[in-house]
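Taking it in order: structure first as structure tokens, then the write-up.
No lab work stands behind these numbers, since they all come straight from the coordinates. These figures come from a predicted structure and were not determined experimentally. Backbone-built Cβ (ideal geometry, glycine too); neighbour counts: all protein chains shown.
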Amino acid sequence: MLQGWVSTYTAMELEGVVWLVFQDARYAAGREHDWRFEGMHQLGIGDQLTIFDNNGAVLWSGVIAPRRVGILGLRKLNPDHYEWSPEGISRETWMGWLMQHPALAATYQPATEAKSQ
């Protein structure tokens, strides 16, 4: 399980696309700056994530998964879609956590590692 922070990331190369990311603490000078790209993980299906508030209480913990939205649930949103948030968490709350400064602490396990354990 990796230790670090959650945030959003955008770069000119992404042409305005915003990634939801976990930053591995081993590749950063701190939770506010100097995050190295090799420690950045875009949140994806099957990843295990726990987000903590500034007092260490768990805000959310679970596995990143697609969800169905709309009146009949016919529209499928994946975690890379700008409207996505975990089931039971509003998009506004979710994005508020990821856009908080300084970044909120988190633990993270990529889906490929979760499957092998």
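Structure data summary
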read-out	value
GluC sites (Glu not before Pro) within segment 1-85, DSSP loop, no more than 16 other Cβ atoms inside 10 Å	E15, E32, E83
Structure-based [θ]222 nm, the chain - -39500 (n - 2.57) summed over DSSP H runs of at least 4, per residue, nearest 500	-3000 deg cm²/dmol
Theoretical gain in end-to-end length, E92 to R26 [0.36 nm per residue, Cα-Cα removed]	20.8 nm
Proxy reagent accessibility, fewest Cβ within 10 Å first, across D47, D80	D80, D47
For Rg and Dmax of the Cα atoms in Å, calculated from these coordinates, the label among (1) 17.4, 77; (2) 17.5, 54; (3) 14.1, 46	(3)
